[in-house]
Amino acid sequence: MTAATALTQAFDAAAVRADFPILQQEVNGHPLIYLDNAATTQKPNAVIDAITDYYRNDNANVHRGAHALSDRATQKFEAAREAVAAFLNSPSSRQVIWVRGVTEAVNLVANTWGRSELREGDRVLLPYLEHHSDIVPWQMVCAETGSSVEPIPVLESGDIDLDALDSMLDERVKMVALNHVSNALGTVNPVQQIIGKAKAVGAKVFIDGAQAVAHWPLDVQALGCDFYAFSGHKLFGPTGIGALWGREELLDAMPPFLGGGEMIETVSFSGTTFNTLPFKFEAGTPNIAGVIGLGAAIDYVQSLDRAAAAAHEQDLLEYTLALAADIDGLSRVGHPREAVGIYSFLLAGCHPSDVGMLLDQQGIAVRTGHHCAQPLMAHYGVPGTARASYTIYNTREDVDALMAGIRKAKALFG
Ligand SMILES: *Cc1c(COP(=O)(O)O)cnc(C)c1O
């Protein structure tokens, strides 16, 4: 981290900020300070332009038309798949399946791999840190297959309890599913280590990369996971599009998820045969504009100095923690060993939703509530938190404004 911190000066957040038109506005009479990036990120001009350009010039259905527009749309659509494959360091773009986001990716794997592989008595392990989208689809499939979903304990710090995980792992564990980074606390989970432990008992591993993709380069081959998923909208891309990556032999063996056009090879009433990867999992007309927008988002991210960007975000977190230490009654929820730029906090005497409302009156956008992680909130015995989450276009001035806003809330309520 020290070497990376030295690079902080090299990262020009002001220049990045100018790429995001939505940030140049006032909210409630104050310049907008957008600190809700873990919920969704804003979109740069490059993404907005790629989407409008597609609709203005190339709009057609993909993979079927015998005409110029369809050829262009198909080329852009498949170029984005290649971009995602390169972004994840996938051996092949056949392993990249378009989905609506992480939620659909988990549902796809739970309903195809899970439904065909899980047997009575099998176990699926998920840390207490999980997002509801990682928990609920497994609960639904496990209830039907007679297998069980079991929580992996989390330490007071917000780190996964690796000793507890060791004691839970046995050959009945068929799946370990977890987020790469917690959206509620910012915890960076030691996924490489956990994948190694899971593999040692023959379990498969699903990594939810929703909060990781925007922060550092990824390499699914080096990680050694079986599935990896992310949502475009947390990576400066559009909503309603994301990618599921899987090991080719697993994806090949899995039954289809949704049935319809595109995912078939031949259809007859005596039987239907299915298309090859990746199309087997892509029934119906896809979100073409979303895919093209996501491709543009990946090109945008790849054009940044990612090490400098990560150091910049780390600086914002450290700066936040330093300033927060001077405010009585302000406390951080969790203190993970390693975290991205997410600051989940409580202000004594002031309900998180009131903190959020008072900050909004000052033009500052944060999220409040359980962050789709109710088991984790129960673990800490809190109904929810207020959460500021930073990304490439945030600055130390944004942090100053947040702290001034918190002081104001404290003066009113504290
Ligand atoms: C946002 C998020 C999800 C869900 O993503 P969707 O885009 O809503 O499908 C899952 N896991 C984590 C860690 C998230 O941050």
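When the range 69-110 is filtered for residues that are of a type in the set (S, T, N, Q), surrounded by fewer than 23 Cβ atoms within 10 Å (Cβ to Cβ) and closer than 26 Å to residue 306 by Cα, the ones remaining, listed by number, are 89, 92, 93. Here residue 313 clears all of (1) of a type in the set (D, E, K, R); (2) in contact with a helix residue (DSSP H, G or I) (Cβ under 9 Å, 6 or more places away or on another chain); (3) surrounded by 20 or more Cβ atoms within 10 Å (Cβ to Cβ) except the condition numbered (2). Of the numbered criteria (1) within 16 Å of the ligand (Cβ to nearest atom); (2) in a helix (DSSP H, G or I), the one residue 129 fails is (2). Taking (1) touching a Ser or Thr at 6+ places or on another chain (Cβ under 7 Å); (2) part of a helix (DSSP H, G or I) in turn, residue 64 satisfies each apart from (2).
Quick check, is residue 224 among the small types (Gly, Ala, Ser), closer than 17 Å to residue 81 by Cβ and out of contact with any Ser or Thr (no Cβ under 8 Å at 6 or more places or on another chain)?
no
Among the residues of the range 232-264, the one identified as within 16 Å of the ligand (Cβ to nearest atom) and in contact with a Cys (Cβ under 9 Å, 6 or more places away or on another chain) is 245. Here residue 82 meets the list (1) away from the ligand (no atom under 16 Å from the Cβ); (2) touching a residue at least 60 places away in the same chain (Cβ under 8 Å) almost entirely, failing just condition (2). Could we say that residue 186 is small (Gly, Ala, Ser), at positive phi and touching a strand residue (DSSP E or B) at 6+ places or on another chain (Cβ under 8 Å) here? When the stated conditions are applied, residue 186 passes them. In the range 326-347, the qualifying residues are those that are under 13 Å from residue 413 (Cβ atoms) and either at pLDDT below 95 or crowded, with 17+ Cβ neighbours inside 10 Å (or both), and the one that is nearest to the chain's Cα centre (by Cα) is 346. If the condition is being free of Cβ contacts under 8 Å to residues at least 24 places away in the same chain and among the hydrophobic types (A, V, I, L, M, F, W, C), then the range 320-378 contributes 321, 322, 325, 357, 378. When 38, 68, 83 are checked against the criterion of being at pLDDT 95 or above, among the small types (Gly, Ala, Ser) and touching an Asp or Glu at 6+ places or on another chain (Cβ under 8 Å), 83 stands alone in meeting it. A search for C-beta distances below 6 Å between a residue of the range 197-225 that is among the β-branched types (Val, Ile, Thr) and any residue that is in a helix (DSSP H, G or I), counting only pairs 6+ apart in sequence or on different chains, returns 205/195; 205/198; 207/191; 220/88.
When the range 353-390 is limited to residues that are touching a His at 6+ places or on another chain (Cβ under 7 Å) and of a type in the set (A, V, I, L, M), the one that is farthest from residue 131 (Cα to Cα) turns out to be 377. Look at the range 238-253: where a residue is under 21 Å from residue 213 (Cβ atoms) and a partner is away from the ligand (no atom under 15 Å from the Cβ) and part of a strand (DSSP E or B), sitting 6+ places away or on another chain with Cβ atoms under 6 Å, you get 243/96; 245/96.
The set of residues from the range 178-212 being in a strand (DSSP E or B) and within 8 Å of the ligand (Cβ to nearest atom) comprises 179, 181, 208.
The values are calculated or read from the model by the stated rules, or taken from the named source; none is laboratory data. Just so it is clear, the model here is predicted, and its values are computed rather than measured. For neighbour counting, all protein chains shown are included, and Cβ atoms are generated from backbone atoms with ideal geometry for every residue, glycine included.
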